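Structure record follows, encoded as structure tokens.
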Amino acid sequence: MKIKLFAGAAVLVLGTYAAQAADFAAVYKGSSADVDIWTGPYVGLGGGLARHEAQFSDLTGLVGTAGNTLTTIRSGALAGGFAGYNWRHRSFVFGIEGDMNWVGASVRETTGAQNSFSISGVQNQDTNWLATMRARGGIEVESTLIYLTGGLAVAGVENSYARYCPPAGFCSTGTPNSLSAAFSRRGTQVGWTAGLGVEHLVDSYWLVRAEARYTDLGRSSVVCRDAGVATLCQTPGDNYRGAFSDTLLTGLIGVGYKF
């Protein structure tokens, strides 16, 4: 009888303890899921690869057929820093971020036949630096964030196309082997950028990330200007115009510190 009573009491105690332990585990699990590990400011450094595609469009037929587009592509490196602020709501994380990068993907290319009787052209296309201000938003999966990003892009660009007369002949009013006409733009271009990324919190402070973005710096029209002794751009009845455009496809990795 005493053994039965003792066994019954033991089962009751163990059952009560097990129920309390299960309740505690559930509460603890819920509390862990509610811990906000994302909200706050952060800074970091990053770098990667950039694919620079630049175009010169001959709008009025100076180079060849009107509307002809010359495309140059160059891959290079970029490096810089980023800073931002995150907010978290349930499993969603959103915020703002800005970054500044040096870009090393300049392009120089000669077009036209390389002989003494053909008109040739030289393109120089360069994006020196790239800065963005973007919104970010994504889904938290434990300590990993999968996000989309997009916003404003600003860059320093230098674009030029120069047309040369052939050494053994004349082109319009140009003299042999002379620079007869040129198009150029230099300054700050404004465009847009968009992409996606993955960010992982290693601990409460350090994070690592990988991100891919496409950036379009817009299209700008330019007018032909004379060079050297040539007067091609001022020929009566001619109004030669062109347009430059630059796009970048970038892949970045980075490490950051969260405050």
* Could you identify the single residue in 249, 145, 207 that is at pLDDT 95 or above and closer than 19 Å to residue 132 by Cα? => 249
* Structure fact -> Condition set modelled with pLDDT under 85 and closer than 14 Å to residue 219 by Cα, scope segment 57-66, selection surrounded by the fewest Cβ atoms within 10 Å (Cβ to Cβ): answer is 59
* Asked: Under the condition of being surrounded by 23 or more Cβ atoms within 10 Å (Cβ to Cβ) and not aliphatic (A, V, I, L, M), which residue from segment 150-167 is modelled with the lowest pLDDT?
  -> 165
* Structure fact -> Within segment 73-89, the residues that are over 25 Å from residue 198 (Cα atoms) and buried (at least 18 other Cβ atoms within 10 Å of the Cβ) are 74
* Would you please list the contacts, defined by Cβ atoms under 8 Å and residues six or more apart or on different chains, that run from a residue in segment 146-165 that is in the same structural domain as residue 107 (by TED's automatic domain parsing) and outside any strand (DSSP E or B) to a residue that is at pLDDT below 85 and crowded, with 23+ Cβ neighbours inside 10 Å? => 165/174; 165/180
* Which of (1) in contact with a Lys or Arg (Cβ under 7 Å, 6 or more places away or on another chain); (2) modelled with pLDDT of 85 or more; (3) not aromatic (Phe, Trp, Tyr); (4) not in a loop (DSSP other than H, G, I, E, B) does residue 36 not meet, given it meets every other one? -> (4)
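The values are calculated or read from the model by the stated rules, or taken from the named source; none is laboratory data. Predicted model only: the values in this text are computed from it and were never measured. Cβ sites come from the backbone with ideal geometry, for glycine too, and all protein chains shown count toward neighbours.
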